[in-house]
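Engineer: One structure, as structure tokens, below. Some questions next.
The values are calculated or read from the model by the stated rules, or taken from the named source; none is laboratory data. Predicted model, so just to flag it, every value in this text is computed and none were measured. Note that each Cβ is placed from the backbone with ideal geometry, even for glycine, and that neighbours are counted across all protein chains shown.
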Amino acid sequence: MHSEPTPYSNQPTPCEKPCQKIPPQFLSTSKPPTSAGLPGGLALVAGLCLLLLLTACASVGGPYETRRDKTAKGAGIGAVVGAAAAVLDGKREADEILAGAAIGGAIGGGVGVYMDAQEEKIARIPGTTVERVGPATLLVHFDADVLFSIDSASLDAGARDALQSMAGVLQQYPKTAVIVQGHTDASGSEEHNQSLSERRAESVRGFLIARGVEPSRLVAVGYGESAPRASNDDDYGRSLNRRVDILLRAQVK
């Protein structure tokens with residue numbers, strides 16, 4: 001036996017009842033309402049809304065930063081500072097060379113074109129990365145793992161091809177000072193790394209001289225592990241730090 005359908009009623013269901021009337025004083029636009037004095041249900045809603053608002057505002061600044069996060073950021077900042085210090089030191093070394101008369105006078109207003117031409121040609125040499133670090137200064141990165149075997153200061157066969165091309169460019173542009181900078185990662189002792197970086201820089205300098213680059217233009221400096229480009233906490237960072245940089249600088253005036 002089927003039950004009879006419930007007769008249709010015009011009485012509102014519970015969810016269709018009109019909302020509770022808000023007291024007129026809380027509808028005024030003269031000042032914002034607070035939860036004080038609200039009926040119990042509205043006070044609860046107001047409190048929850050305030051809690052959600054405060055939570056959202058707190059999350060705008062980003063996730064909580066742990067000590068480990070700060071340590072990693074500090075290592076990255078230190079690497080940037082170290083690499084920048086090596087560039088500044090290289091510029092000072094270059095300026096001392098340029099102050100002499102061995103490589104001719106200043107280039108003057110055409111220094112930008114002079115350095116642009118070198119940058120374009122060096123960028124075509126396999127295994128190099130060229131960075132413009134000033135109007136009259138280039139920094140050429142060579143991966144030390146390409147130039148040298150592990151813990152060695154003897155140039156590999158592949159490195160000789162790249163450095164031969166580099167020597168050719170330097171001969172075409174004789175009015176730049178050349179600072180060869182050797183760098184290592186932080187593996188091993190500081191003393192060992194310092195010695196290795198010096199020997200590697202001298203190997204590159206000697207090769208360039210043997211290929212016809214004027215010795216008075218060239219200075220070799222070893223920095224050991226003191227001027228990293230990246231953190232030494234992982235393999236990728238250490239691979240960036242094992243490098244030989246060649247800083248080229250022209251005299252503007």
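Engineer: In this structure, does residue 185 turn out to be at pLDDT below 95, in the same structural domain as residue 139 (by TED's automatic domain parsing) and not in a helix (DSSP H, G or I)?
Structural biologist: Yes, satisfied.
Engineer: State yes or no: is residue 155 surrounded by 14 or more Cβ atoms within 10 Å (Cβ to Cβ), under 20 Å from residue 223 (Cα atoms), at pLDDT below 95 and not small (Gly, Ala, Ser)?
Structural biologist: So residue 155 passes the test.
Engineer: Here is a further query. So, in region 202-214, how many residues would count as being under 15 Å from residue 246 (Cβ atoms) and assigned to a helix (DSSP H, G or I)?
Structural biologist: Counting residues in region 202-214 that are under 15 Å from residue 246 (Cβ atoms) and assigned to a helix (DSSP H, G or I) gives 8.
Engineer: OK, next. I'm told residue 208 meets every condition in (1) within 17 Å of residue 141 (Cβ to Cβ); (2) at pLDDT below 95 except one. Can you identify the failing condition by its number?
Structural biologist: It is condition (2) that residue 208 fails.
Every residue, every condition in (1) of a type in the set (Val, Ile, Thr); (2) modelled with pLDDT of 90 or more; (3) surrounded by 14 or more Cβ atoms within 10 Å (Cβ to Cβ); (4) farther than 20 Å from residue 239 by Cα, yes or no:
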residue	(1), (2), (3), (4)
74	no, no, no, no
92	no, yes, no, yes
113	yes, yes, no, yes
139	no, yes, yes, no
149	no, no, no, no
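Engineer: Closer than 28 Å to residue 113 by Cβ, touching a strand residue (DSSP E or B) at 6+ places or on another chain (Cβ under 9 Å), free of Cβ contacts under 8 Å to residues at least 40 places away in the same chain and in the same structural domain as residue 93 (by TED's automatic domain parsing) - does that describe any residue in region 197-206?
Structural biologist: Taking every residue of region 197-206 in turn, at least one turns out to be closer than 28 Å to residue 113 by Cβ, touching a strand residue (DSSP E or B) at 6+ places or on another chain (Cβ under 9 Å), free of Cβ contacts under 8 Å to residues at least 40 places away in the same chain and in the same structural domain as residue 93 (by TED's automatic domain parsing).
Engineer: Would you confirm whether any residue within region 171-189 is within 17 Å of residue 149 (Cβ to Cβ) and either of a type in the set (Val, Ile, Thr) or free of Cβ contacts under 8 Å to residues at least 40 places away in the same chain (or both)?
Structural biologist: Checked region 171-189: at least one residue is within 17 Å of residue 149 (Cβ to Cβ) and either of a type in the set (Val, Ile, Thr) or free of Cβ contacts under 8 Å to residues at least 40 places away in the same chain (or both).
Engineer: Considering each of 191, 202, 198, 214 in turn, give the residue that is closer than 17 Å to residue 83 by Cα and surrounded by fewer than 19 Cβ atoms within 10 Å (Cβ to Cβ).
Structural biologist: 198
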